[in-house]
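The values are calculated or read from the model by the stated rules, or taken from the named source; none is laboratory data. Since this is a predicted model, take the numbers as computed values, not measurements. Positions of Cβ are backbone-derived with ideal geometry, glycine not excepted, and every protein chain shown enters the neighbour counts.
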């Protein structure tokens, strides 16, 4: 993924994006429940990678999670720090996680892998597995489709995935799927959903 291209694309629409998606109230209740179900109550740090305006990091912290939001877009981090002053927000990218091996209780990557070219997907999952402790949890939000395919996202090119394919790739990286949530397209929204997987093995 061209991180700088994606960063610039989101920075150029940061104010609009924050207005459309930047609060907990703008998140579907089923999504909030899914995130809480799999990441609340876990002892140890959790990273919200691609945290955007920081609202989901704040949601996790409201559930007692030791969560830190990380995003490459400075405008998002500035907004998150101002809006959620008790939270922790840092500039960074998911491709270069500066954390010790097996040091995380979980990772939330909520639609933050959608711009990742398919050939880079496995490498990022391997990075996540390196960072997450055994029995730690990974929660992904993704666009769903019948095949891996690019589409013209409003900000920058994104990809849709068959969730069975995602589950297979998660297994190769050392995760086991424990739950998925799918919502069909409704004319306004593309088919999308979430998948939660636990770190197994090594």
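Quick check on my filter: what residues within the stretch 170-180 are surrounded by fewer than 16 Cβ atoms within 10 Å (Cβ to Cβ) and either more than 21 Å from residue 35 (Cβ to Cβ) or at pLDDT below 95 (or both)?
171, 172
Tally time: how many residues in the stretch 69-98 are under 26 Å from residue 134 (Cα atoms), surrounded by fewer than 15 Cβ atoms within 10 Å (Cβ to Cβ) and in contact (Cβ under 8 Å) with a residue 24 or more places away in the chain?
Total satisfying the criteria: 1.
Where in the stretch 1-104 are there helices (runs of 4 or more DSSP H), lying fully within it, with 3 or more residues that are under 15 Å from the mean Cα position of the chain (by Cα) and modelled with pLDDT of 95 or more?
Where helices (runs of 4 or more DSSP H) fall fully within the stretch 1-104 and carry at least 3 residues being under 15 Å from the mean Cα position of the chain (by Cα) and modelled with pLDDT of 95 or more, they are 29-39, 55-62.
Quick one: which residue in 135, 167 is farther than 18 Å from residue 27 by Cβ and part of a strand (DSSP E or B)?
135
In the stretch 27-44, what residues are closer than 15 Å to residue 179 by Cα, in contact with a strand residue (DSSP E or B) (Cβ under 7 Å, 6 or more places away or on another chain) and surrounded by fewer than 17 Cβ atoms within 10 Å (Cβ to Cβ)?
Selection gives 30 alone.
Scan the stretch 48-82 for residues that are in contact with a helix residue (DSSP H, G or I) (Cβ under 8 Å, 6 or more places away or on another chain) and at negative phi and report the count.
Looking only at that region, the number is 22.
Evaluate the stretch 115-134: report whether one residue or more is in contact (Cβ under 8 Å) with a residue 60 or more places away in the chain and over 16 Å from the mean Cα position of the chain (by Cα).
Checking the stretch 115-134: at least one residue is in contact (Cβ under 8 Å) with a residue 60 or more places away in the chain and over 16 Å from the mean Cα position of the chain (by Cα).
Condition check ((1) over 23 Å from residue 5 (Cα atoms); (2) loosely packed, with under 14 Cβ neighbours inside 10 Å; (3) at pLDDT 95 or above) across all residues:
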{"site": "112", "(1), (2), (3)": "no, no, no"}
{"site": "117", "(1), (2), (3)": "no, yes, no"}
{"site": "129", "(1), (2), (3)": "yes, no, yes"}
{"site": "133", "(1), (2), (3)": "yes, no, yes"}
{"site": "146", "(1), (2), (3)": "yes, yes, no"}
{"site": "164", "(1), (2), (3)": "yes, yes, yes"}
{"site": "188", "(1), (2), (3)": "yes, yes, no"}
